[in-house]
Amino acid sequence: MIGSSTELCRFIRSHSGLYLSDGEEYRNGEGFLRMNLACPREQVEEGLKRPKESVSAYEKWAAEQC
């Protein structure tokens with residue numbers, strides 16, 4: 001993947017409204033994203049659909065930046 005996980009988190013937030021945490025905030029978490037699952041099941045299910053679309057859009061956007 002091009003870019004950093006911090007940049008990806010920001011892009012996902014602006015693209016889908018989904019708030020993820022950068023894994024760099026946690027020990028040995030570089031390259032990972034974290035999602036809080038402490039919410040109703042329906043919200044978790046909807047939230048799990050959003051990253052796939054956003055990551056695809058991010059990859060396209062990042063490639064255009066090069």
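For the structure I just gave you, tell me whether Glu7 is outside any loop (DSSP other than H, G, I, E, B), surrounded by 12 or more Cβ atoms within 10 Å (Cβ to Cβ) and at pLDDT 85 or above. I'd like the intermediate steps shown before the answer.
Values: outside any loop (DSSP other than H, G, I, E, B): yes; surrounded by 12 or more Cβ atoms within 10 Å (Cβ to Cβ): yes; at pLDDT 85 or above: yes.
Spelling it out, Glu7 is indeed outside any loop (DSSP other than H, G, I, E, B), surrounded by 12 or more Cβ atoms within 10 Å (Cβ to Cβ) and at pLDDT 85 or above.
Restricting attention to region 23-38, which residues are assigned to a loop (DSSP other than H, G, I, E, B), free of Cβ contacts under 8 Å to residues at least 12 places away in the same chain and over 19 Å from Lys52 (Cβ atoms)? I'd like the intermediate steps shown before the answer.
Let us first name the residues in region 23-38 that are assigned to a loop (DSSP other than H, G, I, E, B), namely 26-32, 35-38.
Going one step further and asking which of them are free of Cβ contacts under 8 Å to residues at least 12 places away in the same chain, we end up with 26-29, 37-38.
Across region 23-38, the qualifying residues are Tyr26, Arg27, Asn28, Gly29, Ala38.
The residues of region 11-22 that are surrounded by 14 or more Cβ atoms within 10 Å (Cβ to Cβ) and in a loop (DSSP other than H, G, I, E, B), listed by number, are Leu18, Leu20.
The values are calculated or read from the model by the stated rules, or taken from the named source; none is laboratory data. Here the structure is a predicted model, which is why all the values come from computation and not from measurement. Don't worry about glycine lacking a Cβ; one is built from the backbone with ideal geometry, like all the others, and counts go over all protein chains shown.
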